[in-house]
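Below is one structure, written out as structure tokens; the observations come after it.
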């Protein structure tokens, strides 16, 4: 028997008129994966334990990364490297979701959605048009989507439970790393629009910009790869690793760089 | 709920750069309570003033924690000054309590005891200089970083100068170094452009290739067999570099115009006597 919730969120989005400008897609990774990219010149899909297939996780506009565990993990601890991709160069998009599906599977959205909700209830077809429509439905403009805490008022009917939950998520600030004990690990990923990709991504031809800790330039394989990808002169942006009070301190610095890149490239 | 009242003990350090040193490292804690599973580890959560607000459990990092000697362990709790760490290797982790102490520790490393390790990693030097707010030091390290990066491609060095967080002084100095490399005035190694004279003591002078500028204004020169530090000479007078404007220091140490080079050669010719250093700081 078909669940009533299946397709309800898609219908809601299909009926929305507003749509944001196409934003770049981001992929955040750690040093280990970055070293593999430097070697292969590409990002290859990895087996996903929840979706049982090889996927690459990208986020629409925001420099977020996928939640893998309920606790703060190794990935959050390491200095992240953020790839900003040209949306027109990404092929093989399988699906679009209005949030980080990793966090959904870890039940971190329990305050926002019904216990009986399933991740498939939120699945949207694999076109970036849907990502722009989700952002347009819940946020006033591109800048509001980037920073979260949406102030947009929309009428959502009483039975649109999925859309109501996504709206509540959109009203949370994007940069919050830790709100309370209850939302320990829910941060900017929560309301970031997730893009699942099935095909490998060629770094040289698809990358607009890279944001990385400048200390990685001391690694010859990194410097050589940046030179080979012809990105090093204008498109690599650096952040410091010393001046933070705590491990998550790099987040605001990365958001500032992303904002500057988007303004420079006309996305904001 | 905040973990108020519990005491947390530092059991090791985590380096977000992996096996890459020297590096800022973060303390990993265990709670001093029999009610909590002993395998749980935590990190501190601080506010902008460096006061611990809470502790957060961390997963997946146990194998990557650099252990410390139990005798070196520190204890803190909520509302106390946070603990900061720095490491030169897996065997050398230092923790201090409070941001002020941390900056003092870093300054000491950068200017005295561990300077050699930091000079070998100029990008680390740049970050440290910025942390302690020393633009002269930052300029020196940015110049060294540019020389290192240019070995992999001038575009890499140029891109770093363009997009890295740097003070205007450091960026200008780095750009000048890059121009010199690009114009083949200097290679990535030191050349005769950087030969300077330094005063070791009242009547002792030395001459060699410029290596580095110390925080107190002394310059380190490479004399071939050894490197020594002394006060740079200008018109046979010591220059208290720390009190000079950075542009003036650069004019004196890195003359680029023919006139300045001529003056510099004159000084070098005048300082012909090189005595073995008596009280020199052995670099």
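Here are the numbers for the structure shown:
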{"item": "Virtual paramagnetic centre 7 Å along Cα→Cβ of residue B:120, amide N under 19 Å, in the stretch B:135-149", "result": "B:141-142, B:144-149"}
{"item": "Peptide A:217-227, shielding by other chains (average Cβ, 10 Å cutoff)", "result": "5"}
{"item": "Proxy reagent accessibility, fewest Cβ within 10 Å first, across A:237, B:203, A:227", "result": "B:203, A:227, A:237"}
{"item": "Semi-axis lengths, Å, chain A, gyration tensor of Cα atoms, sqrt of 5 times eigenvalues", "result": "30, 19, 18"}
{"item": "Label-point gap, in nm, between residue A:6 and residue B:101 - each point 7 angstrom along Cα→Cβ", "result": "6.2 nm"}
{"item": "Efficiency of FRET from Cβ geometry, residue A:140 and residue A:32, R₀ 41 Å, rounded to 0.05", "result": "0.60"}
{"item": "Approximate spin-label separation residue B:179-residue A:115, in nm, with each point projected 7 Å along Cα-to-Cβ", "result": "7.1 nm"}
{"item": "Footprinting exposure proxy for B:69, A:142 (fewest neighbouring C-beta atoms within 10 Å first)", "result": "B:69, A:142"}
{"item": "Fewest-first ranking of B:132, A:193, using other Cβ atoms within 10 Å as the exposure measure", "result": "B:132, A:193"}
{"item": "Within 10 Å of each Cβ in A:228-240, the average number of Cβ atoms from other chains", "result": "5"}
{"item": "Helix A:128-138 vs. chain A, principal-axis angle (Cα, 0 to 90°, nearest 10)", "result": "60 degrees"}
{"item": "Inter-label distance, nm, simple model (7 Å from Cα along the C-beta direction), residue A:230/residue B:74", "result": "4.9 nm"}
{"item": "The stretch B:111-182, relative contact order [Cα under 8 Å, separation at least 6], %", "result": "30 percent"}
{"item": "Whether the stretch B:62-184 is rounded, prolate or oblate, judged on the alpha carbon gyration tensor where a/c under 1.5 counts as rounded", "result": "prolate"}
{"item": "FRET efficiency for residue B:36 and residue A:16, using Cβ-Cβ distance with R0 set to 51 Å, rounded to 0.05", "result": "0.60"}
{"item": "Percentage of interatomic Cα-Cα distances in the stretch B:111-182 larger than 21 Å", "result": "17 percent"}
{"item": "The stretch A:8-265: relative contact order in percent, alpha carbon pairs under 8 Å with at least 6 residues between", "result": "28 percent"}
{"item": "Alpha-carbon centroids, the stretch A:195-268 and the stretch A:119-158: separation in whole Å", "result": "26 Å"}
{"item": "Rounded FRET efficiency, nearest 0.05, which uses the C-beta distance separating residue A:46 from residue A:127 and R0 of 22 Å", "result": "0.45"}
{"item": "Radius of gyration, Dmax [the stretch B:1-122; alpha carbons; angstrom]", "result": "14.7, 47"}
{"item": "Paramagnetic label zone (point 7 Å from Cα along Cα-to-C-beta, residue B:63; backbone N under 13 Å) in the stretch B:4-20", "result": "none"}
{"item": "On Cα atoms only, tilt of A:161-170 relative to the major axis of chain A in degrees", "result": "40 degrees"}
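Where a number appears in this text, it was derived from the coordinates with a stated rule and is not lab data. Quick caveat: nothing in here was measured; it's all calculated off a predicted structure. Positions of Cβ are backbone-derived with ideal geometry, glycine not excepted, and every protein chain shown enters the neighbour counts.
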